[in-house]
């Protein structure tokens, strides 16, 4: 199990949370399922955009280890998600 830090930049705000999961893709899936409870700017329709795009979302950041990013377009606003493998538990 790993501890992942998820950083979301969306509509001028930065939102940070942590999730324990086996890999970064599972961490992203778990985070998406919980994001509507922690971020009031996203409604249920916005959350569907995350869910729809997740199968090809994560990109490892060049020359860095254990860091991935994903971008989503939600109602003409860009959401940038960074996932960092913070700790192997």
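The values are calculated or read from the model by the stated rules, or taken from the named source; none is laboratory data. Not measured: the values here are computed from a predicted model. As a convention, Cβ positions derive from the backbone with ideal geometry for all residues, glycine included, and neighbour counts pool all protein chains shown.
Some notes on this structure:
- Tally, over the range 1-27, of residues that are touching a residue at least 24 places away in the same chain (Cβ under 8 Å) and in contact with a helix residue (DSSP H, G or I) (Cβ under 6 Å, 6 or more places away or on another chain): 2
- Residue-level check: of (1) at pLDDT below 90; (2) part of a helix (DSSP H, G or I); (3) surrounded by 14 or more Cβ atoms within 10 Å (Cβ to Cβ), residue 27 misses just (1).
- Lone unmet requirement of (1) at pLDDT below 85; (2) assigned to a helix (DSSP H, G or I) for residue 42: (2)
- Exactly one residue out of 6, 49 is touching a strand residue (DSSP E or B) at 6+ places or on another chain (Cβ under 9 Å), surrounded by 13 or more Cβ atoms within 10 Å (Cβ to Cβ) and modelled with pLDDT under 90, and it is 49.
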